[in-house]
Amino acid sequence: MISRPKALNALNHKLLYELQQIFSELENEKLRALIITGEGKAFIAGADVQEMRGMTPQQARDFALTGQSLFKKIEQFPCPVIAAINGYALGGGMELALSCDIRIADENAKFGQPEVGLGITPGFSGTHRLAKHVGISQAKELIFTAEIINCEKAYEIGLVSRLTSEGMVVEEATKVAKKISNNSKTAVAYSKISIEKSHMQNLDTANLIERDLFGLCFAEEDQKEGMDAFLNKRKPNFK
Ligand SMILES: C/C=C/C(=O)SCCNC(=O)CCNC(=O)[C@H](O)C(C)(C)COP(=O)(O)OP(=O)(O)OC[C@H]1O[C@@H](n2cnc3c(N)ncnc32)[C@H](O)[C@@H]1OP(=O)(O)O
C-alpha cells in the first residue's frame, strides 16, 4: 500500500526510492501475484509538485529516470502486478498503474495525465505506455487536454479491465490474484514475458519469442502436472 495520504500519495524521491527497494526485495520472493493500492482517497495523485517546482533541467531529467526505472521494474516484475486503483491516479500515479499488468478501478477512481497543465510532459513513461494501452489517439487526447476522466470512461477506453463499487477494489484484486495463483507460476511468468517482449514486434519475431517460451514450459514439472491432472480428471497441484 502506497502510504503518504497527507499528500495524496504523491511520489517524491523518498517514496520512489522506498518503492524501488521494496520491489527489489520482493523480486526474489517467488510471488504468484502482487497487488498495489493507495491509502486514503488517492491511489497516487502524481509526482510531488512541491519537490519538482525548484528542479533544474538536469535534476528533472534524473527524477524522470528514477520513475522510469522503477516503473520498468514493475512492468518486468516476475509475477503479474495488479493495480487496485482506489482513487485519484494522476500523472505519475496513472503512469505507475500503466506499468502494472492489470488495472482494477473503484467507482471513485479518477484518471488523467495533467502534466501539460503544469507546463511539463509526462515523465515516467506515460507518453509510451498510455499509447500502448489505449491507442495513440486516445493517449494524445488525454495528454493534450490534461482531462481527468472517471472510472466508466477509463473502462470504456480499455485503461482498466474491471470496475468495483466503493471500497471493494482490493477485494476484487485479491479475487483476480487468487485465480492467477491457481495456475502454473512458471507458465504465467513465461506468458507475461512473451506478451511484453512480443508486443510491437512483427509476427515472425513474436512467434519466435512465444515458440521458445512455449518449448521451455515442457522442461518444467508444471507442464507434466497440469496435463496429468487433466487426463486423470483431477485439479492440478502446481509447485
Ligand atoms: C513525472 C510525473 C509528473 C507528474 O505526476 S506531475 C503531477 C500530476 N498530478 C497532478 O497534477 C495532480 C495534483 N493534485 C490535484 O490536482 C488535487 O490534489 C486533486 C484533484 C488530486 C485532489 O484535490 P483535493 O481533493 O482538493 O485535495 P488537495 O487539497 O488538492 O490535496 C490534498 C493535499 O495533497 C497535496 N497534493 C495533491 N497532489 C499533489 C502532488 N501531485 N504533489 C504534491 N502535493 C500534492 C495538496 O498539495 C494538498 O496538500 P496541503 O493539504 O498541504 O495543501
(Q) Against the definition (touching a Leu at 6+ places or on another chain (Cβ under 6 Å) and of a type in the set (A, V, I, L, M)), how does A139 come out, yes or no? (A) yes
Q. Since G91 meets every condition but one in (1) of a type outside the set (S, T, N, Q); (2) modelled with pLDDT of 95 or more; (3) at negative phi, which condition does it not meet?
A. (3)
Q) Residue check, T121 against (1) surrounded by fewer than 23 Cβ atoms within 10 Å (Cβ to Cβ); (2) away from the ligand (no atom under 11 Å from the Cβ); (3) not hydrophobic (A, V, I, L, M, F, W, C), all met but one. Which one? A) (2)
**Q.** Candidate set: the stretch 1-47, residues that are assigned to a loop (DSSP other than H, G, I, E, B) and farther than 19 Å from G87 by Cα; chosen: the one modelled with the lowest pLDDT
**A.** K30
(Q) Cβ contacts < 9 Å: first residue closer than 14 Å to I102 by Cα and in contact (Cβ under 8 Å) with a residue 60 or more places away in the chain, restricted to the stretch 64-77; second residue surrounded by fewer than 18 Cβ atoms within 10 Å (Cβ to Cβ) and among the acidic types (D, E), any location; separation 6+ or different chain. Result? (A) E75/E196; Q76/E196
Q: Just give me the residues in the stretch 38-83 being touching a helix residue (DSSP H, G or I) at 6+ places or on another chain (Cβ under 8 Å), away from the ligand (no atom under 13 Å from the Cβ) and not aromatic (F, W, Y), in sequence order.
A: K72, K73, I74, E75, Q76, P78, C79, P80, V81, I82, A83
Q.
If a residue must be in contact with a Gly (Cβ under 9 Å, 6 or more places away or on another chain), surrounded by 20 or more Cβ atoms within 10 Å (Cβ to Cβ), under 19 Å from A173 (Cβ atoms) and of a type in the set (G, A, S), how many such residues does the stretch 1-47 contain?
A. 2
(Q) Out of the residues in the stretch 206-232 meeting the condition of being assigned to a loop (DSSP other than H, G, I, E, B) and not small (G, A, S), tell me which one is surrounded by the fewest Cβ atoms within 10 Å (Cβ to Cβ). (A) N232
Q: Might you check whether a residue that is surrounded by 18 or more Cβ atoms within 10 Å (Cβ to Cβ) and in a loop (DSSP other than H, G, I, E, B) occurs anywhere in the stretch 48-61?
A: yes
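Residue-by-condition table, conditions (1) more than 21 Å from the chain's Cα centre (by Cα); (2) modelled with pLDDT under 95; (3) under 30 Å from T121 (Cα atoms):
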position: E152; (1), (2), (3): no, no, yes
position: V176; (1), (2), (3): no, no, no
position: I193; (1), (2), (3): no, no, yes
position: H199; (1), (2), (3): no, yes, yes
Q) at pLDDT 95 or above, farther than 19 Å from A83 by Cα, within 16 Å of the ligand (Cβ to nearest atom) and not acidic (D, E): does that describe F144? A) yes
Q: Working only within the stretch 133-168, note down all residues that are buried (at least 16 other Cβ atoms within 10 Å of the Cβ) and hydroxyl-bearing (S, T, Y).
A: Y155, T164
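The values are calculated or read from the model by the stated rules, or taken from the named source; none is laboratory data. As the structure is a computational prediction, the values presented were derived from the model and not from experiment. Note that each Cβ is placed from the backbone with ideal geometry, even for glycine, and that neighbours are counted across all protein chains shown.
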